[in-house]
Amino acid sequence: MWKTFFTFLYYTGMRKGEVQALTWKDIDFQNSEIIVNKTLSVKSKSKNYIITSTKTKNNRKIKMSSHLKDTLIEYKTITKKYKDFSENWFVFGNSRFLPQTTIDRYKHNYFNLYNKDKSKKEQIKEITIHEFRHSHVSLLINEYIKV
């Protein structure tokens, strides 16, 4: 799941809360689109979460690359093996959204794992979840797509 999660962040440039709130109903495999229409926020004191409209209050559609689409289809096939699977499930987290602390912990662990056997010169600096949005922009520029 984690490879799919971080690949998803890189290929979509979506905000953290938008990815956390994403359900399978928001993935249109037929048209290779992701419908971004909500975001997840956690109230710090109560630890309750709420799903609201996106930051800009505008829904948008993101075209999926064939690589991302194939990755999501493979991941959904695995997820559908759960007997209580629902299209209302969160794409990442299933019946409950993926908590930010869990996301941060796995990201940190994967960066550490990569850097473990590297020399100081070869090690890479850990990026934030938000910085995946910047990586996505670099991908678009590299692919000569105008944003």
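For this structure, a couple of remarks:
- Residues whose placed amide H lies under 5 Å from that of Lys38, excluding near-sequence neighbours: Thr54
- Förster radius 35 Å - calculated FRET efficiency between Ile50 and Lys125 (Cβ-Cβ, nearest 0.05): 0.60
- Global form of the chain, assessed from the alpha-carbon gyration tensor, a/c cut-off 1.5: rounded
- 3J(HN,Hα) from dihedral phi, segment 16-31, Karplus parametrisation 6.51/-1.76/1.60, rounded to Hz, x for glycine, proline: 3, x, 5, 5, 5, 8, 5, 10, 4, 5, 8, 9, 9, 5, 4, 9
- Taking a ≥ b ≥ c as the square roots of the eigenvalues of the alpha-carbon gyration tensor, segment 49-100 is classed oblate because a/c is 1.5 or more while a/b is no larger than b/c.
- Take the Cα of Ser32, go 7 Å toward its beta carbon, and the backbone nitrogen atoms of segment 65-84 under 18 Å from that spot belong to 65-75.
- Subset of Lys38/Lys116; Lys81/Lys116; Lys16/Lys69 violating a 28 Å alpha-carbon distance limit: Lys38/Lys116; Lys81/Lys116
Bear in mind that the values in this text are calculations on the coordinates, not laboratory data. On a predicted model such as this, the values are computed, not experimentally measured, just so you know. All Cβ positions, glycine included, derive from the backbone under ideal geometry; neighbour counts span all protein chains shown.
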